[in-house]
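Okay, structure first, notes after.
The values are calculated or read from the model by the stated rules, or taken from the named source; none is laboratory data. Being a predicted model, the structure only gives us computed values, none of them experimental. Counting neighbours? That spans all protein chains shown, and the Cβs are built from the backbone with ideal geometry, glycine included. Only protein heavy atoms, including side chains, enter the accessible area calculation; ligands, DNA and RNA are left aside. Shrake-Rupley method; radii C 1.70, N 1.55, O 1.52, S 1.80 Å.
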Amino acid sequence: MEIYITDLQAYNEGYLVGKWIQLPLTKFELSQAISEVLCEGEVRSESDNHEELFISDYEADIEIDEYDDIYALNDLAELMEEFNDNELLKLKFLVYEGYSEREVLDNGLDSYDVDIYDYRENTSFTDTFELLASDFIDDGLFGDIPKSLEYYIDYSAIARDLRMDYCEFEPNVIGRVA
(Lines give C-alpha, C1' and ligand atoms only; values in the text may rest on other atoms or scores of the structure.)
Protein backbone atom coordinates (compact mmCIF):
# COMPACT_ATOMS: atom_id res chain seq x y z
CA MET A 1 0.00 0.00 0.00
CA GLU A 2 1.41 3.38 -1.02
CA ILE A 3 -0.03 6.75 -0.04
CA TYR A 4 0.94 10.29 -0.93
CA ILE A 5 0.73 12.44 2.19
CA THR A 6 0.34 16.18 1.67
CA ASP A 7 0.70 19.13 4.04
CA LEU A 8 -2.79 20.65 4.25
CA GLN A 9 -1.80 24.16 5.31
CA ALA A 10 0.90 24.44 2.64
CA TYR A 11 -1.64 23.17 0.08
CA ASN A 12 -4.15 25.83 1.16
CA GLU A 13 -1.40 28.44 0.75
CA GLY A 14 -0.68 27.31 -2.82
CA TYR A 15 2.22 24.89 -2.29
CA LEU A 16 2.12 21.20 -3.04
CA VAL A 17 4.31 19.64 -0.40
CA GLY A 18 4.10 15.91 0.05
CA LYS A 19 5.75 12.56 -0.13
CA TRP A 20 4.98 9.00 -1.26
CA ILE A 21 5.30 6.51 1.56
CA GLN A 22 5.13 2.74 1.37
CA LEU A 23 3.11 1.23 4.22
CA PRO A 24 3.61 -0.53 6.57
CA LEU A 25 6.36 1.34 8.36
CA THR A 26 7.50 1.29 11.95
CA LYS A 27 5.83 3.92 14.13
CA PHE A 28 9.11 5.83 14.24
CA GLU A 29 9.58 5.77 10.45
CA LEU A 30 6.00 6.91 9.93
CA SER A 31 6.34 9.75 12.45
CA GLN A 32 9.57 10.78 10.79
CA ALA A 33 7.99 10.83 7.31
CA ILE A 34 5.09 12.94 8.61
CA SER A 35 7.47 15.36 10.33
CA GLU A 36 9.52 15.72 7.15
CA VAL A 37 6.47 16.69 5.11
CA LEU A 38 5.21 19.17 7.73
CA CYS A 39 8.66 20.73 8.16
CA GLU A 40 9.11 21.08 4.40
CA GLY A 41 5.66 22.69 4.27
CA GLU A 42 6.68 25.26 6.89
CA VAL A 43 9.86 26.07 4.98
CA ARG A 44 8.22 26.30 1.53
CA SER A 45 5.24 28.39 2.65
CA GLU A 46 7.25 30.40 5.19
CA SER A 47 4.63 29.93 7.91
CA ASP A 48 4.42 28.07 11.21
CA ASN A 49 2.18 25.55 12.93
CA HIS A 50 1.73 23.02 10.14
CA GLU A 51 -0.14 20.19 11.82
CA GLU A 52 -2.53 18.52 9.36
CA LEU A 53 -1.98 16.11 6.51
CA PHE A 54 -4.27 14.64 3.92
CA ILE A 55 -3.85 11.78 1.49
CA SER A 56 -3.95 13.18 -2.02
CA ASP A 57 -3.23 9.92 -3.88
CA TYR A 58 -2.84 6.23 -3.17
CA GLU A 59 -2.13 2.85 -4.71
CA ALA A 60 -3.81 0.13 -2.67
CA ASP A 61 -6.18 -2.81 -2.84
CA ILE A 62 -8.73 -0.96 -0.72
CA GLU A 63 -10.44 2.41 -0.87
CA ILE A 64 -8.67 5.14 1.05
CA ASP A 65 -10.22 8.46 2.02
CA GLU A 66 -8.17 11.64 1.93
CA TYR A 67 -8.58 12.17 5.68
CA ASP A 68 -8.07 8.57 6.84
CA ASP A 69 -5.94 8.14 9.93
CA ILE A 70 -2.45 7.42 8.61
CA TYR A 71 -1.49 5.40 11.68
CA ALA A 72 -4.65 3.25 11.33
CA LEU A 73 -3.81 2.74 7.63
CA ASN A 74 -0.34 1.65 8.66
CA ASP A 75 -1.83 -0.96 11.03
CA LEU A 76 -4.19 -2.06 8.26
CA ALA A 77 -1.31 -2.40 5.78
CA GLU A 78 0.56 -4.51 8.31
CA LEU A 79 -2.41 -6.88 8.60
CA MET A 80 -2.95 -7.02 4.84
CA GLU A 81 0.71 -7.77 4.17
CA GLU A 82 0.17 -11.22 5.68
CA PHE A 83 -2.88 -12.02 3.48
CA ASN A 84 -2.69 -14.60 0.76
CA ASP A 85 -4.32 -13.89 -2.61
CA ASN A 86 -7.63 -15.54 -1.66
CA GLU A 87 -7.92 -13.58 1.60
CA LEU A 88 -7.20 -10.35 -0.24
CA LEU A 89 -9.92 -11.15 -2.80
CA LYS A 90 -12.31 -11.89 0.06
CA LEU A 91 -11.56 -8.51 1.65
CA LYS A 92 -11.95 -6.70 -1.69
CA PHE A 93 -15.29 -8.40 -2.27
CA LEU A 94 -16.63 -7.52 1.17
CA VAL A 95 -15.60 -3.89 0.63
CA TYR A 96 -17.27 -4.00 -2.81
CA GLU A 97 -20.44 -5.25 -1.10
CA GLY A 98 -20.40 -2.25 1.26
CA TYR A 99 -18.66 -3.62 4.33
CA SER A 100 -16.05 -1.44 6.02
CA GLU A 101 -12.59 -2.96 5.60
CA ARG A 102 -11.66 -1.90 9.12
CA GLU A 103 -14.78 -3.57 10.53
CA VAL A 104 -14.07 -6.73 8.53
CA LEU A 105 -10.50 -6.88 9.80
CA ASP A 106 -11.60 -6.22 13.37
CA ASN A 107 -14.16 -9.04 13.16
CA GLY A 108 -11.77 -11.30 11.25
CA LEU A 109 -12.15 -12.48 7.65
CA ASP A 110 -13.16 -15.94 8.83
CA SER A 111 -16.32 -14.58 10.46
CA TYR A 112 -17.78 -13.83 6.99
CA ASP A 113 -19.12 -16.64 4.82
CA VAL A 114 -17.95 -15.61 1.36
CA ASP A 115 -17.65 -17.67 -1.82
CA ILE A 116 -15.00 -16.47 -4.26
CA TYR A 117 -14.38 -17.95 -7.71
CA ASP A 118 -11.21 -16.69 -9.34
CA TYR A 119 -11.04 -17.21 -13.12
CA ARG A 120 -8.36 -14.63 -13.93
CA GLU A 121 -6.06 -17.27 -15.38
CA ASN A 122 -8.77 -18.85 -17.54
CA THR A 123 -9.36 -16.73 -20.62
CA SER A 124 -11.07 -19.43 -22.67
CA PHE A 125 -14.58 -18.25 -21.81
CA THR A 126 -16.01 -14.87 -22.72
CA ASP A 127 -18.64 -15.14 -19.97
CA THR A 128 -17.23 -15.82 -16.52
CA PHE A 129 -20.65 -16.84 -15.24
CA GLU A 130 -20.86 -19.58 -17.88
CA LEU A 131 -17.52 -20.86 -16.62
CA LEU A 132 -18.95 -20.89 -13.09
CA ALA A 133 -22.01 -22.76 -14.38
CA SER A 134 -19.73 -25.29 -16.06
CA ASP A 135 -17.79 -25.78 -12.82
CA PHE A 136 -21.00 -26.26 -10.85
CA ILE A 137 -22.16 -28.92 -13.31
CA ASP A 138 -18.75 -30.65 -13.26
CA ASP A 139 -18.85 -30.65 -9.45
CA GLY A 140 -22.23 -32.36 -9.50
CA LEU A 141 -24.20 -29.47 -8.01
CA PHE A 142 -27.13 -30.32 -10.28
CA GLY A 143 -26.83 -34.06 -9.67
CA ASP A 144 -25.51 -36.72 -12.00
CA ILE A 145 -26.17 -35.73 -15.60
CA PRO A 146 -25.97 -38.57 -18.10
CA LYS A 147 -23.41 -38.17 -20.89
CA SER A 148 -26.19 -38.32 -23.48
CA LEU A 149 -27.76 -35.12 -22.04
CA GLU A 150 -24.61 -33.01 -21.49
CA TYR A 151 -24.89 -31.35 -24.91
CA TYR A 152 -28.38 -30.07 -24.08
CA ILE A 153 -27.35 -28.06 -21.03
CA ASP A 154 -28.07 -24.35 -21.47
CA TYR A 155 -25.01 -22.80 -19.79
CA SER A 156 -26.09 -19.26 -20.65
CA ALA A 157 -29.43 -19.76 -18.86
CA ILE A 158 -27.66 -21.11 -15.79
CA ALA A 159 -25.20 -18.20 -15.97
CA ARG A 160 -28.12 -15.76 -16.14
CA ASP A 161 -29.58 -17.30 -12.98
CA LEU A 162 -26.19 -17.23 -11.21
CA ARG A 163 -26.04 -13.48 -11.82
CA MET A 164 -28.92 -13.15 -9.35
CA ASP A 165 -26.81 -14.45 -6.45
CA TYR A 166 -23.23 -13.71 -7.52
CA CYS A 167 -21.48 -10.63 -8.81
CA GLU A 168 -18.31 -10.04 -10.77
CA PHE A 169 -16.41 -7.54 -8.62
CA GLU A 170 -13.17 -7.72 -10.59
CA PRO A 171 -12.56 -8.92 -14.13
CA ASN A 172 -13.03 -12.71 -14.09
CA VAL A 173 -13.54 -12.86 -10.30
CA ILE A 174 -16.99 -13.74 -8.97
CA GLY A 175 -18.20 -13.68 -5.39
CA ARG A 176 -21.17 -13.76 -3.07
CA VAL A 177 -21.85 -13.42 0.61
CA ALA A 178 -23.50 -16.69 1.62
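Residue-wise test of (1) of a type in the set (Val, Ile, Thr); (2) under 30 Å from the mean Cα position of the chain (by Cα).
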position: MET1; (1), (2): no, yes
position: THR6; (1), (2): yes, yes
position: ASN12; (1), (2): no, no
position: GLY18; (1), (2): no, yes
position: LEU23; (1), (2): no, yes
position: LEU30; (1), (2): no, yes
position: VAL37; (1), (2): yes, yes
position: GLU42; (1), (2): no, no
position: SER47; (1), (2): no, no
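Given the conditions (1) closer than 30 Å to GLU52 by Cα; (2) touching a helix residue (DSSP H, G or I) at 6+ places or on another chain (Cβ under 7 Å); (3) hydrophobic (A, V, I, L, M, F, W, C), report the number of the one that VAL114 does not fulfil.
All conditions pass for VAL114, except number (1).
Quick check, is GLU103 within 30 Å of ARG176 (Cβ to Cβ), assigned to a loop (DSSP other than H, G, I, E, B), open to solvent by 80 Å² or more (accessible area, probe 1.4 Å) and free of Cβ contacts under 8 Å to residues at least 40 places away in the same chain? Break it down stepwise before answering.
Working: within 30 Å of ARG176 (Cβ to Cβ): yes; assigned to a loop (DSSP other than H, G, I, E, B): no; open to solvent by 80 Å² or more (accessible area, probe 1.4 Å): yes; free of Cβ contacts under 8 Å to residues at least 40 places away in the same chain: yes.
In short, no.
Considering only region 52-66, how many residues are open to solvent by less than 30 Å² (accessible area, probe 1.4 Å) and within 16 Å of the chain's Cα centre (by Cα)?
2
Any idea which residue in region 13-36 is least open to solvent (accessible area, probe 1.4 Å), counting only those that are closer than 13 Å to HIS50 by Cα and out of contact with any helix residue (DSSP H, G or I) (no Cβ under 9 Å at 6 or more places or on another chain)? Lay out the reasoning, then the answer.
Here is the first cut: in region 13-36, the ones closer than 13 Å to HIS50 by Cα are 13, 15, 17-18, 34-36.
Right, trim to out of contact with any helix residue (DSSP H, G or I) (no Cβ under 9 Å at 6 or more places or on another chain) and you get 35-36.
Working: SER35: 60, GLU36: 83 Å².
If we take residues in region 13-36 being closer than 13 Å to HIS50 by Cα and out of contact with any helix residue (DSSP H, G or I) (no Cβ under 9 Å at 6 or more places or on another chain), then SER35 is least open to solvent (accessible area, probe 1.4 Å).
Tally time: how many residues in region 70-86 are exposed (fewer than 15 other Cβ atoms within 10 Å of the Cβ) and either within 25 Å of GLU168 (Cβ to Cβ) or touching a strand residue (DSSP E or B) at 6+ places or on another chain (Cβ under 6 Å) (or both)?
3
Scanning region 83-100 for residues that are without any contact (Cβ under 8 Å) to a residue 24 or more places away in the chain and polar (S, T, N, Q), which turns out nearest to ASP65 (Cα to Cα)?
SER100
Looking at (1) among the small types (Gly, Ala, Ser); (2) in a loop (DSSP other than H, G, I, E, B); (3) exposed (fewer than 13 other Cβ atoms within 10 Å of the Cβ), can you tell me which one SER47 breaks?
Tallying (1) among the small types (Gly, Ala, Ser); (2) in a loop (DSSP other than H, G, I, E, B); (3) exposed (fewer than 13 other Cβ atoms within 10 Å of the Cβ), SER47 fails exactly one: (3).
Quick one: how many residues across region 125-178 are open to solvent by 50 Å² or more (accessible area, probe 1.4 Å) and not in a helix (DSSP H, G or I)?
Summing the residues that are open to solvent by 50 Å² or more (accessible area, probe 1.4 Å) and not in a helix (DSSP H, G or I) in region 125-178 gives 17.
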